[in-house]
1. Against the longest principal axis of the chain, how steep is helix 189-206, in degrees 0 to 90 to the nearest 10, with axes from Cα atoms?
2. Along Cα→Cβ, 7 Å out, is where each label goes; now give me the distance between the ones at LYS449 and MET488 in nm to one decimal.
3. Compute the long axis of helix 289-305 from its Cα atoms, compare it with the longest principal axis of the Cα atoms of the chain, and write down the angle in degrees, 0 to 90, nearest 10.
4. Of all accessible surface on the chain at a 1.4 Å probe, what whole percent is carbon and sulfur?
5. In sequence order, what are the phi-derived ³J(HN,Hα) couplings for the range 88-99 according to the Karplus relation 6.51 cos²θ - 1.76 cosθ + 1.60 with θ = phi - 60°, rounded to whole Hz, with x for glycine and proline?
6. Ranked from the most accessible area to the least, with a 1.4 Å probe and all protein chains present, what is the order of HIS195, HIS358?
7. If each DSSP helix of 4+ residues adds -39,500 (n - 2.57) and the sum is divided by the residues in the chain, what number results at 222 nm, nearest 500 deg cm²/dmol?
8. With percent of Cα pairs over 45 Å apart in mind, check (i) 39; (ii) 16; (iii) 35 and report the label derived from this structure.
Amino acid sequence: MRLSTLGMDAMNRILPLFILFWFFGCGAAAQVSYNLDSLLAQEKLVPVGVEKVRLLRDIGYNYSKKNSDKALDYLKQAIALGEQLNENKYVVSSYSQLAILYNNLGDMRRSDFYLEETRKMAEKANEDEYWASYYQAATLIYKKRKKMQEAIAFAQKAVEYTRKGGKTKDNIAGAYMNLASAYKEMGQLEQAIQHYYNALSLFDEIEHREGQSFCYNNLAIIQRELGLYPESLKNAGRSLELKEKIGNEKGMAASWQLIAENYYDLKQPQRALAYLNKSLVFSQEQNLSFDVVNNLHLKARIYHQMKDTLNAVKFYDLALGEAVKLDAPTLISNLEKEKAKFFGASEASKKNKRKALHDLEQAQKSGDTLALINNLDFLAAFAYRDGQYKTAYDYREKYLELQKRTSGVDILKQLKNIESRYELEKKENAIRLLEKDLQLDAARLHQHKILIYASVGLILMTLLSSYLLFNRSRVLQAARRKQELENMRSTIAGDLHDDIGSTLSSIQIISNMAIMQCKGNEYLRESVTRIAELSDKVSDGIREIVW
């Protein structure tokens, strides 16, 4: 595939995938990939307040991928409520999104109005976050209108303010994406490739599917322009798969068109039409004017490839009819010149030739390589049909020189080198993550051992404490029992001494008195003496027991 054809296609093609405003204007909310159904369910529950403004804006952004009318409605609701609450953060992001959305719909007047409102709010607040939103929206709008010098300048500012504003990785990656896109449109592929891989690395780190899908899609575009069709189809397929998972229908339509373009380049028109028709149906349903023009343009080229002149002319005319409604003179000029190139000088006017010469001069001044290639290719073909062979030869030589410079071996080597560095970096990151995981596992194992040792120590301390408490309790109980026994002994001794002792003493006294009175009765005297002796003996025994 010659780069001239691809360059013209790239300049004519609208790439809604690059609408990465979400990464810049949406602030912290953009860090989460919201589900539209979930957001709509929350809308009924969230009370009026700042959170409601954010929610309306998020719903509007999500609808921008599916239904432009609903997207416009919710974004305007967000602005109205935000202005009522004097909440500017989400208002400025909603203005930016409206500017982008109206530009995609071909309503340049409203697009310019909302972009200017965004600029005024950024100027008033003078905050990096606001300026990042403005420059990002301006990048996308000017790139869509093929004003590439301005788009690159805005994209560089967007990167600068995004970094200054301390944005997260998805925000910074989005800025790189749009800068790369602008460079690609200018034919500066080395810078484009580098920035796409910068973005992809950041998206990979945070596993941001939408961002990854954008990067794969754009790398597929460059690979297609370099004639690497299998690689392009592979990355386009990756992008489509990711978009299907996240439900990005607008992105899916752009991927269908890219796959169709690859099959057109591979001269497989039937397969190209199958994918292109799906993209065209979606673009028409959503009134995406730029996308409709480019779908019709590609369809005209496919029919030309099939040598179906009637349908080819029909779809060129349909594309031109839609293009004149837009403020995109370069797009109209390219369509007219390509139609003239395919269908002979009779279809081309002197106006087309003069326009091509003027565009060539402007492209030389601006350094727009792709525009130079497209216009040189057209003028060479035009001069050849007019019999101006020397002029045709000169144009052709310049065309081939630029084509070689843009799509030569150096670019392919650069692409391979960057791809190799990216893959190497992914492997190194994987190794670093593995090492980190191993370190975390080792730390967890160490903590686990410490926990085990601490648990064992706690158990031993608990057992020892229990033993000591039990032993202390036993000693105290023994001491209490001993004290109780001593008390009992003292009580018994007191009772013996007081009761029995006094009784025995009485018996001894009475016995001694009876002995004195029994002088005439020896038998009685002996018995009483015996009683006195026994009582004396018992008294002595009691005294020993008491002591």
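1. Its long axis makes an angle of about 20 degrees.
2. Placing both labels 7 Å along Cα→Cβ, they lie 5.9 nm apart.
3. Approximately 60 degrees, to the nearest ten.
4. Numbers: 14950 of 27320 Å².
Ligands and nucleic acids excluded, carbon and sulfur reach 55 percent.
5. These are the phi-based 3J(HN,Hα) values: 8, 4, 7, 5, 5, 5, 6, 4, 4, 5, 4, 4 Hz.
6. Values: HIS195 35, HIS358 95 Å².
Sorted by accessible area, descending: HIS358, HIS195.
7. On the way: 24 runs with 456 residues, N = 547.
So the calculated ellipticity at 222 nm is -28500 deg cm²/dmol.
8. (i)
The values are calculated or read from the model by the stated rules, or taken from the named source; none is laboratory data. Here the structure is a predicted model, which is why all the values come from computation and not from measurement. Glycine gets a Cβ as well: all are built from the backbone with ideal geometry, and neighbour counts include every protein chain shown. Heads up: the accessible areas ignore ligands, DNA and RNA and are worked out on the full protein's heavy atoms, side chains in. Shrake-Rupley method; radii C 1.70, N 1.55, O 1.52, S 1.80 Å.
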